[in-house]
Structures are given as structure tokens and as C-alpha cells.
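We did not get these values from a lab; they are worked out from the coordinates using the rules stated. A quick note: this is a predicted structure, and the numbers were derived from the prediction, not measured. Reconstructed Cβ throughout: ideal geometry from the backbone, glycine too, with neighbour counts over all protein chains shown.
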Amino acid sequence: MRLLLDTCTLLWLAADGPQLSATARSRCRDPENEVFLSALSAWEIAVKHRLGRLPLPEPPRRYVTTRREWLEVEPLAFDEAAAAHDALLPAHHGDPFDRGLVSQAILNGLTIVTPDAEIARYPAPILW
């Protein structure tokens, strides 16, 4: 399975948080699955940290890199095709970071690991 982590999913995986579903936890840790983190999530973490809405134990750049590597999650660049695809999506979700993840999932054949019910309204597979 090819999985794309929502930003909250990465944060909960890194903290072994109770918010994470048992299914999401086991699939993300299964070495048979390919797990990806979008550059959009790194950007979202940096923005929320700068605004004081996301306290982190270290600067965002280091936090994202060390947690991603520790969890054996591959980086996924946000490219021109994904950016342009966003314009084709209905406006179900007001968060541009989440719409970008949907575009990446659709274009790359990925399943999004998220509890977000608004993301589930799009034609991308969801796992939770």
C-alpha cells in the first residue's frame, strides 16, 4: 500500500499519540507499505509553529526531518502538476494544504491517512 500522511497523522505518529487509530498506526508502521510525507505538511508545520499554534521541541525544519527519517517516511515534493490539479477539485475543503494533499494522492495513486471527514469527500482513497 502507498500511503500519504496528513499533517496531523505525522504529528500523532511521531508522538505515539492516542488520537491515532489502531488501523492507521499499524499500516503506517508496516514495512510492506510505502509511506510518504508531502512537502506541504512540512510547510504547514512551519507556518503553524511560526504563528504560535504548534509548539515543537525543536525548530520545524529539524523536527520534520528527524521525525520523518525516524519513522522511515519518504519525502514527497509538491510539484506543478499537483498545484494545477487543485483547480479541478470542488471546494469541499477550505484548507489549501489539505486540497494539495488530495491532488497529490490522486495524481500519485496514494491513500491519504487522515481522520478529516472533509478530505473523505474527495475522490481519493482514505485510510483511518
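Worth a mention:
- Sum of side-chain charges, ILE126 neighbourhood, beta-carbon under 10 Å (Lys, Arg +1; Asp, Glu -1): -1
- Along the axis of the charge dipole computed for segment 5-128 (Cβ charges of +1 for Lys and Arg, -1 for Asp and Glu, origin at the Cα centre), the listed residues ILE119, ALA39, LEU11 are led at the positive end by LEU11.
- For the pair TRP43 and ASN108, the difference between a 0.36 nm per residue extended length and the Cα-Cα distance amounts to 21.4 nm.
- Sum of -39500 (n - 2.57) over DSSP H runs of 4+, divided by residues of the chain (222 nm, nearest 500): -13500 deg cm²/dmol
- Taking the centroid of alpha carbons for each part, segment 98-113 and segment 61-78 are 17 Å apart.
- Percentage, to the nearest whole number, of Cα pairs in segment 23-95 over 22 Å apart: 39 percent
- PHE78 sits among other residues whose Cβ lies under 12 Å from its own Cβ, and their net charge, with Lys and Arg +1 and Asp and Glu -1, is -3.
- Counting neighbouring Cβ atoms within 10 Å and putting the fewest first, the residues ASP6, ASP86, ASP116 line up as ASP86, ASP116, ASP6.
- Positive minus negative residues near ALA42 (Lys, Arg vs Asp, Glu; Cβ under 12 Å): +4
- For segment 45-71, the residues whose backbone nitrogen is under 18 Å from a point 7 Å from the Cα of ASP86, taken along Cα to Cβ, are 45-49.
- Charging the Cβ of each Asp and Glu at -1 and of each Lys and Arg at +1, and nothing else, the dipole of the chain about its Cα centre rounds to 340 debye.
- Shown for SER38, SER21, SER26: other C-beta atoms within 10 Å of each C-beta, ranked fewest to most, produce the order SER26, SER21, SER38.
- The distance between label points at THR66 and ASN33 comes to 2.5 nm (points 7 Å beyond Cα on the Cα→Cβ vector).
- Amide hydrogen neighbours beyond the local backbone of PHE36, cut-off 5 Å, H modeled: LEU3, LEU4, LEU5, GLU74
- In this simple spin-label approximation, SER26 and GLU74 carry label points 7 Å from Cα along the Cα→Cβ vector, and these lie 2.4 nm apart.
- Here segment 2-127 is treated as an ellipsoid with the same Cα gyration tensor; its semi-axes, largest first and in whole Å, are 21, 18, 14.
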